[in-house]
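Here the structure comes first, spelled out in C-alpha cells, and everything after it is commentary.
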Number of protein chains: 2
Amino acid sequence: MRNILVIIFVLGLFQPVFSQDNKDSLFVRNLFDEALDSYIAYNQLIQLCTIAPGRLAGTDECAVAQDFMYKEMKAMSFDTIYKQPVWVRKWLQNGEETAYFDIGDGEKQYLAVDALGGSVATPEDGIEAEIIVVKTMDELQTLGREKIEGKIVFFDFDMNQHNIYTFPSYGENAGMRVYGAEEASKYGAVAVLVRSLTLAQDTFPHTGIMRYKTGPKKIPGIGISAIHSDMLAEAYAENPHVKVFLHCACKEYPEVKQYNIIGEIKGSKYPNRIITIGGHIDAWYNTQGAHDDGGGCIQSLEVARLFFALKYKPENTIRIVMFLDEEMAQRGARAYADNPVREGEQHYFALESDRGVTYPTGFSFDGPDAFVKKMQSWTSLFEPYGLHRFEKSGSGVDISFLKVKGCALAALVTESQRYFDYHHSANDTWQQVNRREMQMGAAAMAALVYLVDKNGLY
Amino acid sequence: MRNILVIIFVLGLFQPVFSQDNKDSLFVRNLFDEALDSYIAYNQLIQLCTIAPGRLAGTDECAVAQDFMYKEMKAMSFDTIYKQPVWVRKWLQNGEETAYFDIGDGEKQYLAVDALGGSVATPEDGIEAEIIVVKTMDELQTLGREKIEGKIVFFDFDMNQHNIYTFPSYGENAGMRVYGAEEASKYGAVAVLVRSLTLAQDTFPHTGIMRYKTGPKKIPGIGISAIHSDMLAEAYAENPHVKVFLHCACKEYPEVKQYNIIGEIKGSKYPNRIITIGGHIDAWYNTQGAHDDGGGCIQSLEVARLFFALKYKPENTIRIVMFLDEEMAQRGARAYADNPVREGEQHYFALESDRGVTYPTGFSFDGPDAFVKKMQSWTSLFEPYGLHRFEKSGSGVDISFLKVKGCALAALVTESQRYFDYHHSANDTWQQVNRREMQMGAAAMAALVYLVDKNGLY
C-alpha cells in the first residue's frame, strides 16, 4: 500500500485534486462562518413575517412583501433587479370562518377551522347539516349518494406517522384536501371538512389549495384542526346525526398584476448561462409563512449576500428569484420559465428552498445521471456541516417548470419532523425558525451554487 | 459481477448476515413505528414540565418530579422499582433577581438576569457599583486589582458561532460562568455578571452552576440575557462609569434526602449484567427543563415502554435511571455508581440522553476501541432514520461515573443548533419539543440497547 501511495505522490496524481479540494473546502468553510455570524437574513425574515403575513398572491399583503424584497435587493450589490409582471388570481378569505356543533342545552362546541384555498363561500347564513365521516376517497363510492346527499363530508384521515422523511405522508393525503370537495359534490355533499395535514396534535387549522374541476356544483372546503377533528369524530361516534354549522365568506375577485422579484449578478464568463436560486414570496392568508416559504426566499437572498460578502464573482449569471403564486397556481414560476427576463438566457441550473428552513440534511437532484453523479461527488465537502443525503429525486414546484428548458434542478432538503406542524397554519411564525438552522441552509445553498458555478454540471 | 453474485448466493454466503440483518432491521423498524405512533411519552413530558418546573435537586419541585416518575414507572411492567436515597445540597433562588442601570432623569433600564446556581446572595439592600467589561479570563490579570476592586465584573464574551456541533462552543466559555466569580473576587470584584451562554439573540437569562473554591470572598454571580448584555456593553461604551444595581436573595440550606428513581427489567440470561439508560430528573429553578433533561428522562422511560409494547424480553438486566442532581453536584450519579442497587451487579453498558431531545443524528461512544468498532458496525441499521454519526468521544455526565467500573458508555447525539437557545433558561419548555423528534431519539436509544443486549459489546 505504501508503495502505491509513494507512486501516486511522485506522479503528482493527488496534486490537482488536493489543491482544488482544499480551496473549495476553505471557501465552503468561509460561507458557513459568514452565514453563522450574521443576523441580517434572520432580521429580514422577522421583518417580512411581521409586515406581510397572509401574503397570498393577489393580495395587498403580497404587494407589501414584493416591495420589501425589492427594497432589500436595491440595498445590495446586484447588477440588475427585475420586476417581472405576472397576472394572478385574487382569492380572499374575507374574515374568519365559523364552525360548531351542538352539544345539547343550547351549548355549542366551536371548531378551529380555516377555509381551503380557492373554496367558494357558504350561503350567507351558513350551512347546517349532518356529517358523514369518510376515511379514504374510495369510501365515497361505497357510501354512495344515498348516504352522502345533503351532508357535510368529514374527511377524517390520519397522516401516516411512519415515514421518517415526512413529505411522502403529506403526499399520501393531500389529494383529499385538493379534490375532496370535487369528489364529494358528485354524491350530493353540501360541503367538506378536511382534517388538517399535520403530524402534530394541536388546535391549528391548516389550509392549502383545493381545486374544482367538472363537478356538478362547487361546494365549500374547510380545514379543521387535529384536536377538533378528534372531537368531532367522537361526537359523531356518539351520535351519527350530529349536525355541524359552517360559515365562510371567501371569494374570488378579478385577476391582478403582481410580480416576480428578481435580483441578478451578471456572470463574468458565461453571462447567458443562468443559475436560478429561489423561493416563493406568497404564503397562505392564515400564516406568517416563515418556513413556507419566507425562509426559503430569505435564504436565496442570503446566497447573494454571502457571495457579495466574500467577494465571489460568479462565472455564470446568478438570479435570485422571489417566485409569485406557488400556493395557488404557480403563475410566477410559469411566467419565469416561459418569458425570458433577458434575451438569450439559457437556464443552466436552478436551486429551490421550499421544504422548511430547519436543519439542512442534503440536496435532492432532478436531472441526467451524469449531473447527479457530479453533484454527489461533492458530498464530502458538505458532510462536516451535517448534509449527507445527496439523492436523485424531485426538486421544487417553482423551478420544476424549467425542466423542459433543459435546466438541471436541485432542492435544499431539510430535517422534516417539524415542518407539517407549521405548514399552511398560523403556527408558521418566525419564532419557529432557528437562525442558525436557516443560515446553515443558506450557506449550503451558496456552497452548491459556488461548486456548480466553478466546475459545471457534468 | 453477475457470476460472483451467483456464487455467493449458491454458497449461501449472504444467508446468515442477511437473516440477522433482516431480523434486526425489522425490529428497529418496529421500534420506530411504535414510537412515532405513540403520544404517551410526549404527554408524560408535558405533565412533568407542567407539574414540576424548576425542579432543582433538593427542592419540593424535584420531589414532585420524583413522585411523578415513580408513579409512571409503577403503572408499567417493571420487575422492580427502586428509590435510591441520595443526600443533596439544597440551594434556592428565593424570589426573582433585580438588576438595572440608570439611564438618566431617574429612569432605569432593567436587565433580565438570573442568579447562577450556587451563588451567594447580595447584601439585603443590593449592590450598586461601576462595572468593568471583561472578554476573557486572562484579562482579569491584565486589568489587575487597580481596575477591578469594588466593581462588578461583566464577563461579556460571545459564544463562538462557527462550531457546527455547538457543544464545544459552550465548553469554550462555560469556565467563565463556573469560575468567573471565584477569579474576579481575587482582584476585589464585588459581583460578576455573566453573559448568557446562548447562540441566540433574545432576552432570556441563562443560569448554570458556578463554583467557589479558595477565593478570599464569595461574591454573587448573575447571568444576564444576550440582548441586555449588548445593552449594557453599549451603555458602558458610552459611559465607563455606568453603575449597575444588583439584588439576589439565593441561599444554601441544610442538605436533604431525595432519590434516584430506578425501574428495572430483570435480564433473562445475564441478570447481573446491568444496562443503564438514563437522564437527569433535576432542572434549574428558572425552567421547565424540557430539553434539559426532562426529555432525556422521558426518552429513557420510553425505551422500556417500547420493549414492553413489542414484548421484547432482554437478556441483560435493563435499568431506567432518573438521576438526581446532575446540575449541581452529580450526587445521584455518584451514588448510583458507588452503591450497588442490587448485590452482584456488573455495570455492562450505559446510555444517556442529555443533549436535548431534538432530531437524533447519532451516538457518541466512550470505551475500548473494539467496543466502538462493534457499535459502528451497526450504523447502517440507523441510517434510514437519519442517524449517521457513530463517533468515539464523550458520553454523559451522569453515566461517566460508571467508567471506572469498566462500563461501556454511550450518549444519544442530537441536532445541536437550537439546544443552547433553551438550555438553563425559561425558554426550555415542552412547547419547544417536537414529539416526533423526541420519539425518534427514544426509538434510536431502544434500538441500540436492543443490539447491545442481543449481540454484546465486542
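The values are calculated or read from the model by the stated rules, or taken from the named source; none is laboratory data. From a predicted model like this one, the values you see are computed outputs, not experimental measurements. Please note: Cβ atoms are built from the backbone with ideal geometry, for glycine as well, and neighbour counts cover all protein chains shown.
Conditions: (1) in contact with a strand residue (DSSP E or B) (Cβ under 8 Å, 6 or more places away or on another chain); (2) within 14 Å of another protein chain (Cβ to nearest Cβ); (3) not hydroxyl-bearing (Ser, Thr, Tyr). B:Phe420 meets all but one. Number of the miss?
Going through the list (1) in contact with a strand residue (DSSP E or B) (Cβ under 8 Å, 6 or more places away or on another chain); (2) within 14 Å of another protein chain (Cβ to nearest Cβ); (3) not hydroxyl-bearing (Ser, Thr, Tyr), B:Phe420 breaks only (1).
May I ask you to say which residue of B:Ile219, B:Ile209 is over 21 Å from the mean Cα position of the chain (by Cα) and either crowded, with 16+ Cβ neighbours inside 10 Å or within 21 Å of B:Gln288 (Cα to Cα) (or both)?
B:Ile219
If a residue must be surrounded by 15 or more Cβ atoms within 10 Å (Cβ to Cβ) and outside any helix (DSSP H, G or I), how many such residues does the range B:138-157 contain?
Here the count works out to 7.
From the list B:Leu409, B:Leu448, pick out the single residue that is among the hydrophobic types (A, V, I, L, M, F, W, C), more than 13 Å from every other protein chain (Cβ to nearest Cβ) and assigned to a helix (DSSP H, G or I). Talk me through it step by step, then tell me what you get.
Values: B:Leu409 fails: assigned to a helix (DSSP H, G or I).
Selected residue: B:Leu448, the only one of B:Leu409, B:Leu448 that is among the hydrophobic types (A, V, I, L, M, F, W, C), more than 13 Å from every other protein chain (Cβ to nearest Cβ) and assigned to a helix (DSSP H, G or I).
Go through the residues of the range A:135-152 one by one and say whether even a single one is of a type outside the set (S, T, N, Q) and over 14 Å from A:Tyr187 (Cα atoms).
yes
Check whether at least one residue in the range A:157-179 is modelled with pLDDT under 95 and touching an Asp or Glu at 6+ places or on another chain (Cβ under 7 Å), and report yes or no.
The answer is no; no qualifying residue exists.
Every residue in the range B:222-252 that is under 28 Å from the mean Cα position of the chain (by Cα) and either of a type in the set (Gly, Ala, Ser) or within 14 Å of chain A (Cβ to nearest Cβ) (or both), please.
Result: B:Gly223, B:Ser225, B:Ala226, B:Ile227, B:Ser229, B:Asp230, B:Ala249.
Using beta carbons and a limit of 7 Å, which pairs, at least six apart or on different chains, have the first residue in the range A:357-375 and within 14 Å of chain B (Cβ to nearest Cβ) and the second one of a type in the set (Phe, Trp, Tyr) and in a strand (DSSP E or B)?
What qualifies is A:Gly362/A:Phe390.
With respect to A:Pro220, determine if the residue is farther than 30 Å from B:Tyr42 by Cα and modelled with pLDDT under 95.
no
Pick from the range A:9-42 the residues that are modelled with pLDDT of 50 or more and surrounded by fewer than 11 Cβ atoms within 10 Å (Cβ to Cβ): which of them is farthest from the other protein chains (Cβ to nearest Cβ)?
A:Ser19
So B:Trp284 fits all but one of (1) assigned to a helix (DSSP H, G or I); (2) buried (at least 24 other Cβ atoms within 10 Å of the Cβ); what number is the exception?
Every listed condition holds for B:Trp284 apart from (1).
What's the number of the only condition in (1) within 14 Å of chain A (Cβ to nearest Cβ); (2) crowded, with 20+ Cβ neighbours inside 10 Å that B:Val134 fails to meet?
Tallying (1) within 14 Å of chain A (Cβ to nearest Cβ); (2) crowded, with 20+ Cβ neighbours inside 10 Å, B:Val134 fails exactly one: (1).
Here are some conditions: (1) within 30 Å of A:Gly386 (Cα to Cα); (2) outside any helix (DSSP H, G or I); (3) touching a residue at least 60 places away in the same chain (Cβ under 8 Å). B:Ile298 meets all but one. Which one does it not meet?
(2)
Quickly run through the range B:165-183 and pick out the residues that are without any contact (Cβ under 8 Å) to a residue 24 or more places away in the chain and either part of a loop (DSSP other than H, G, I, E, B) or within 10 Å of chain A (Cβ to nearest Cβ) (or both).
The answer is none; no residue qualifies.
Quick check, is A:Glu264 free of Cβ contacts under 8 Å to residues at least 40 places away in the same chain, in the same structural domain as A:Tyr450 (by TED's automatic domain parsing), farther than 21 Å from A:Gln47 by Cα and surrounded by fewer than 24 Cβ atoms within 10 Å (Cβ to Cβ)?
no
Name, by its number, the condition in (1) part of a loop (DSSP other than H, G, I, E, B); (2) without any contact (Cβ under 8 Å) to a residue 12 or more places away in the chain that does not hold for A:Ala121.
(2)
State all residues of the range A:124-137 that are acidic (Asp, Glu) and either assigned to a strand (DSSP E or B) or closer than 21 Å to A:Trp284 by Cβ (or both); if no residue qualifies, say none.
Of everything in the range A:124-137, those that are acidic (Asp, Glu) and either assigned to a strand (DSSP E or B) or closer than 21 Å to A:Trp284 by Cβ (or both) turn out to be A:Glu128, A:Glu130.
Yes/no matrix, rows are residues, columns are (1) among the hydrophobic types (A, V, I, L, M, F, W, C); (2) within 19 Å of the chain's Cα centre (by Cα); (3) surrounded by 21 or more Cβ atoms within 10 Å (Cβ to Cβ):
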site: B:Glu326; (1), (2), (3): no, yes, yes
site: B:Glu345; (1), (2), (3): no, no, no
site: B:Thr361; (1), (2), (3): no, yes, yes
site: B:Phe365; (1), (2), (3): yes, yes, yes
site: B:Glu383; (1), (2), (3): no, no, no
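Residue by residue through the range A:304-331, note down the ones that are hydrophobic (A, V, I, L, M, F, W, C) and under 30 Å from A:Thr207 (Cα atoms).
Selection gives A:Ile320, A:Val321, A:Met322, A:Phe323, A:Leu324, A:Met328, A:Ala329.
Suppose the filter is crowded, with 16+ Cβ neighbours inside 10 Å and over 27 Å from A:Ser169 (Cβ atoms); does B:Leu48 pass it?
Values: crowded, with 16+ Cβ neighbours inside 10 Å: yes; over 27 Å from A:Ser169 (Cβ atoms): yes.
Yes, satisfied.
Can you find a residue that is within 9 Å of A:Thr276 (Cβ to Cβ), touching a residue at least 12 places away in the same chain (Cβ under 8 Å), among the basic types (Lys, Arg) and buried (at least 24 other Cβ atoms within 10 Å of the Cβ) anywhere in the range A:347-355? It would help to see each step written out before you state the result.
From the range A:347-355, those within 9 Å of A:Thr276 (Cβ to Cβ) are A:347-352; that's our starting set.
Going one step further and asking which of them are touching a residue at least 12 places away in the same chain (Cβ under 8 Å), we end up with A:347-352.
Filter once more, keeping what is among the basic types (Lys, Arg): none.
No.
Could you count how many residues in the range B:377-406 are away from chain A (no Cβ under 14 Å) and not in a loop (DSSP other than H, G, I, E, B)?
Residues meeting the conditions: 8.
Determine which single condition B:Arg435 fails, assuming it passes every other condition in (1) away from every other protein chain (no Cβ under 13 Å); (2) crowded, with 23+ Cβ neighbours inside 10 Å; (3) of a type outside the set (Phe, Trp, Tyr).
B:Arg435 satisfies all of (1) away from every other protein chain (no Cβ under 13 Å); (2) crowded, with 23+ Cβ neighbours inside 10 Å; (3) of a type outside the set (Phe, Trp, Tyr) except (1).
Could you list, in sequence order, all residues of the range A:310-346 that are without any contact (Cβ under 8 Å) to a residue 60 or more places away in the chain and assigned to a strand (DSSP E or B)?
Those that are without any contact (Cβ under 8 Å) to a residue 60 or more places away in the chain and assigned to a strand (DSSP E or B): A:Thr317, A:Arg319.
What is the one condition in (1) under 30 Å from B:Thr98 (Cα atoms); (2) in contact with an Asp or Glu (Cβ under 9 Å, 6 or more places away or on another chain) that B:Glu238 does not satisfy?
(2)
So for the range B:184-198 (the condition being in contact (Cβ under 8 Å) with a residue 24 or more places away in the chain, in a loop (DSSP other than H, G, I, E, B) and within 14 Å of another protein chain (Cβ to nearest Cβ)), does at least one residue qualify?
yes
If B:Leu451 passes every condition in (1) under 30 Å from B:Gln346 (Cβ atoms); (2) of a type in the set (A, V, I, L, M); (3) surrounded by 22 or more Cβ atoms within 10 Å (Cβ to Cβ) but one, which one does it miss?
Looking at each condition in turn, B:Leu451 falls short on (3).
Note down all Cβ pairs under 8 Å where the first residue falls in the range A:9-38 and is assigned by TED's automatic domain parsing to the domain that holds A:Phe382, the second is at pLDDT below 60 and assigned to a helix (DSSP H, G or I), and they're at least six residues apart or on different chains.
Pairs that qualify, where the first residue is assigned by TED's automatic domain parsing to the domain that holds A:Phe382 and the partner is at pLDDT below 60 and assigned to a helix (DSSP H, G or I): there are none.
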